[in-house]
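First up is the structure itself, then whatever we jot down about it.
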Amino acid sequence: MIRHLVSIQQIEKAKREEKIIHMTAAQVMKDFAQFGVHLHFSGETTRAYEELFDQLLPVIRRMTISGNRKLQAILYQIDVNPGKHSTSKEKTDEAEHITQTILERELVKVLTRMYFSEKSQE
């Protein structure tokens, strides 16, 4: 429903905007810090997605392999549907998919917040 406010083109464009990249990185770090997972963002916007992905993937992989309930709580906090990931894929593929989905959802959250902020200023 909220996703309809943000088009694929807007997402792709936003992935290249420095301000949005920094806001998304901050959102990812904030959400994961609540669960004791501390991430670092160097500020290098050209590699931001890869940098965050590379840090998150091993964390998500460990959680999917161990069946960690913390993963369910993180997915709930970020607003990612955990049932969407209950597949028969290998756990490593599942972890990659979940990590990508998390990063995309965090970006959409930032864009949605900006959208409503702009609307309220009109």
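The values are calculated or read from the model by the stated rules, or taken from the named source; none is laboratory data. Note that the structure is predicted; figures quoted are calculated from it, not measured. Note that we place each Cβ from the backbone using ideal geometry, even for glycine, and neighbour counts take in every protein chain shown.
Annotations
- In segment 1-31, the qualifying residues are those that are among the basic types (K, R) and within 25 Å of A95 (Cβ to Cβ), and the one that is modelled with the lowest pLDDT is R3.
- Applying the criterion of being modelled with pLDDT of 70 or more and in a loop (DSSP other than H, G, I, E, B) to the residues of segment 70-122, the residue that is surrounded by the most Cβ atoms within 10 Å (Cβ to Cβ) is V80.
- So I65, is it assigned to a helix (DSSP H, G or I), at pLDDT below 95, within 14 Å of the chain's Cα centre (by Cα) and not basic (K, R): no
- Residue within segment 32-47 that is at pLDDT 95 or above and in a helix (DSSP H, G or I) present: yes
- Tallying residues that are touching a residue at least 12 places away in the same chain (Cβ under 8 Å), hydroxyl-bearing (S, T, Y) and not in a helix (DSSP H, G or I) within segment 1-31 yields 0.
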